[in-house]
Amino acid sequence: VVNLLGISITVLFTLLLVFIIVPAIFGVSFGIRKVYMKTLLKIFQWATLRIERGAKEKNHPLYKPYVNGIIAKEPTSLEEEIKEIRRSGSGKALDTPEFELSDIFYFCRKGIETIMDDEVTKRFSAEELESWNLLSRTNYNFQYISLRLTVLWGLGVLIRYCFLLPLRIALAFTGISLLVTGTTVVGYLPNGRCKDFLSKHVHLMCYRICVRALTAIITYHDRENRPRNGGICVANHTSPIDVIILASDGYYAMVGQIHGGLMGVIQRAMVKACPHVWFERSEVKDRHLVARRLTEHAQDKSKLPILIFPEGTCINNTSVMMFKKGSFEIGATVYPVAIKYDPQFGDAFWNSSKYGMVTYLLRMMTSWAIVCSVWYLPPMTRQPEEDAVQFANRVKSAIARQGGLVDLLWDGGLKREKVKDAFKEEQQKLYSKMIV
């Protein structure tokens, strides 16, 4: 038994080395993942047809009712809507500059519309699928349909947990170990071209191995627009793996808060080989200090582009929320990047208020795959008449348009905080202009 176990481990490691690790080091692919994805698509199509036929025979609803967009909203102003209410329920002149009791109905209706069709809160929950992908956690109201379908689902559980999960854990361990070891060794070399060259390729090699650990199938578009030294790369934020997705195709300097534990070990090793920008917890709250550190980095054209996610939190990949203006104030060239995940194979969104990092990674590694598209947009610079907020909104709109995402003005901080008083005061000021 011991001999058989030893032979099995040797064979497994050899297969990992030949078919995954070595191709990842050189950035080549045998096309195994694409064949795997096409096979999954055919299975999903068959399963969907079987489920729909079974649901029709048993006369029960299959999918959760689609509730987005149930309220028809016309792009009208507060003044126009209140005048319409007065026209239908009051005999006074429409332009009477005084309070009318019927005006209350406008604010009541807006409040109820917001509760019924909350365009903010629903961006922090997993995106509903139109069809089942044989993952029990992504199917809202699946019921027993047939023996064949149940057997297929059980077979999928065995494949994902007994084969793919150990394989992915082994690859992730390999990639992280090589990253810590490689960057530590490179960090002892004297500064120069050799150190920069080795640092870039060690990072790239390890990130590519980590991408294989997630069975990530990534399509990159417009690579001629990839970020260059002395610039800032900004992207929409769905998951912590956004960093791995981008860094497996280019070289970046990371920005983030200093952590403890395993993450702290990785950060300390990485900064020895590459000028990443890590902040202490107390420094992160000092916006001017952060801006100065980023400006100094961006002004040095020999340093790698900085990778920043201006939303500051993870959104469920259906929209882009407000970009923090800090990274748009330093005057560097901005390279926008749009990332769009396909939830059909696995949900990449990290709901940090619901799942811890370990639980999230387990869900990722027991999904079928992570499939996404990345678009490199043309570089953008701040116009003379623009302030930082306007520039940030222009970049955000370009990312949303390219990625097919909804462009929202709301701050992603609403995920954990209450609405700022400024938003309430804005509505109060608009109404006061009518009656004062």
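The values are calculated or read from the model by the stated rules, or taken from the named source; none is laboratory data. For clarity, every value in this text was computed on a predicted model and none was experimentally measured. Cβ: placed from backbone, ideal geometry, glycine included. Neighbour counts: every protein chain shown. Protein only, heavy atoms only, side chains kept; ligands, DNA and RNA dropped before computing areas. Shrake-Rupley method; radii C 1.70, N 1.55, O 1.52, S 1.80 Å.
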Quiz prompt | Odd one out for L135 among (1) open to solvent by 90 Å² or more (accessible area, probe 1.4 Å); (2) at pLDDT below 85; (3) touching a Ser or Thr at 6+ places or on another chain (Cβ under 8 Å) | solution = (1)
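When the residues of the stretch 171-218 are filtered to those that are polar (S, T, N, Q) and in a loop (DSSP other than H, G, I, E, B), which remaining residue is least open to solvent (accessible area, probe 1.4 Å)?
Pass one, the stretch 171-218, residues polar (S, T, N, Q): 174, 177, 181, 183-184, 191, 199, 215.
Retained after the next criterion (residues that are in a loop (DSSP other than H, G, I, E, B)): 191, 215.
Details: N191: 139, T215: 19 Å².
Taking the candidates together, the pick is T215.
Which of the residues that make up the stretch 24-40 are of a type outside the set (G, A, S) and part of a loop (DSSP other than H, G, I, E, B)? If you could, list the steps in order and put the result at the bottom.
So the first thing to find is which residues in the stretch 24-40 are of a type outside the set (G, A, S), and the list is 25-26, 28, 30, 32-40.
Within the stretch 24-40, V28, F30 qualify.
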Exercise. State which residue is modelled with the highest pLDDT when the search covers only the stretch 85-122 and only residues that are assigned to a loop (DSSP other than H, G, I, E, B) and surrounded by fewer than 10 Cβ atoms within 10 Å (Cβ to Cβ).
Key: E98
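Quick check on the stretch 309-351: of everything there that is part of a loop (DSSP other than H, G, I, E, B), of a type in the set (G, A, S) and out of contact with any strand residue (DSSP E or B) (no Cβ under 6 Å at 6 or more places or on another chain), which residue is nearest to M365 (Cα to Cα)? Before you say what the answer is, go through the steps one by one.
Narrowing the stretch 309-351 to residues part of a loop (DSSP other than H, G, I, E, B): 309-318, 321-324, 329-333, 343-351.
Adding the requirement that they be of a type in the set (G, A, S) leaves 312, 331-332, 346, 348.
When the remaining residues are screened for being out of contact with any strand residue (DSSP E or B) (no Cβ under 6 Å at 6 or more places or on another chain), the result is 312, 331.
Values: G312: 24, G331: 40 Å.
My answer is G312.
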Quiz item: Are there any pairs, at least 6 apart or on different chains, whose C-beta atoms fall under 7 Å, with the first in the stretch 413-436 and over 24 Å from E80 (Cα atoms) and the second part of a helix (DSSP H, G or I), and if so, which?
Solution: K415/F124
Quiz item: Can we say V11 is of a type in the set (V, I, T), open to solvent by 60 Å² or more (accessible area, probe 1.4 Å), modelled with pLDDT under 70 and under 20 Å from R168 (Cα atoms)?
Solution: no
Self-check item: In the stretch 358-378, the residues that are open to solvent by 70 Å² or more (accessible area, probe 1.4 Å) and farther than 30 Å from I169 by Cβ
Solution: P378
Quiz item: Which of the helices (runs of 4 or more DSSP H) contained wholly in the stretch 233-305 include at least 2 residues that are modelled with pLDDT of 80 or more, over 26 Å from V320 (Cβ atoms) and within 22 Å of the chain's Cα centre (by Cα)?
Solution: 261-273
Practice problem: Would you check if A247 is touching a His at 6+ places or on another chain (Cβ under 6 Å), surrounded by 18 or more Cβ atoms within 10 Å (Cβ to Cβ), within 20 Å of E311 (Cβ to Cβ) and not hydroxyl-bearing (S, T, Y)? | Solution: no
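Which of the residues belonging to the stretch 22-47 are hydrophobic (A, V, I, L, M, F, W, C) and open to solvent by 70 Å² or more (accessible area, probe 1.4 Å)?
Filtering the stretch 22-47 for residues hydrophobic (A, V, I, L, M, F, W, C) gives 22, 24-26, 28, 30, 32, 35, 37, 40-41, 43-44, 46-47.
Answer for the stretch 22-47, where residues must be hydrophobic (A, V, I, L, M, F, W, C) and open to solvent by 70 Å² or more (accessible area, probe 1.4 Å): F26, V28, F30, I32, V35, W46.
May I ask you to verify whether R212 is basic (K, R) and either in contact (Cβ under 8 Å) with a residue 40 or more places away in the chain or more than 30 Å from T359 (Cβ to Cβ) (or both)? Explain how you work it out, then say what you get.
Working: basic (K, R): yes; either in contact (Cβ under 8 Å) with a residue 40 or more places away in the chain or more than 30 Å from T359 (Cβ to Cβ) (or both): yes.
Criteria met by R212.
Determine which member of the set V395, V337 is farther than 30 Å from G260 by Cβ and within 18 Å of the chain's Cα centre (by Cα).
Values: V337 fails: farther than 30 Å from G260 by Cβ.
Residue meeting the stated conditions: V395.
Return a yes/no flag: does the stretch 367-382 have any residue that is within 30 Å of G111 (Cβ to Cβ), touching a residue at least 40 places away in the same chain (Cβ under 8 Å) and more than 17 Å from the chain's Cα centre (by Cα).
no
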Practice problem: Working only within the stretch 389-436, note down all residues that are at pLDDT 80 or above, touching a Pro at 6+ places or on another chain (Cβ under 9 Å) and open to solvent by 50 Å² or more (accessible area, probe 1.4 Å). | Solution: Q402
Quiz item: Could you count how many residues in the stretch 227-242 are farther than 17 Å from G403 by Cβ and either surrounded by fewer than 22 Cβ atoms within 10 Å (Cβ to Cβ) or small (G, A, S) (or both)?
Solution: 5
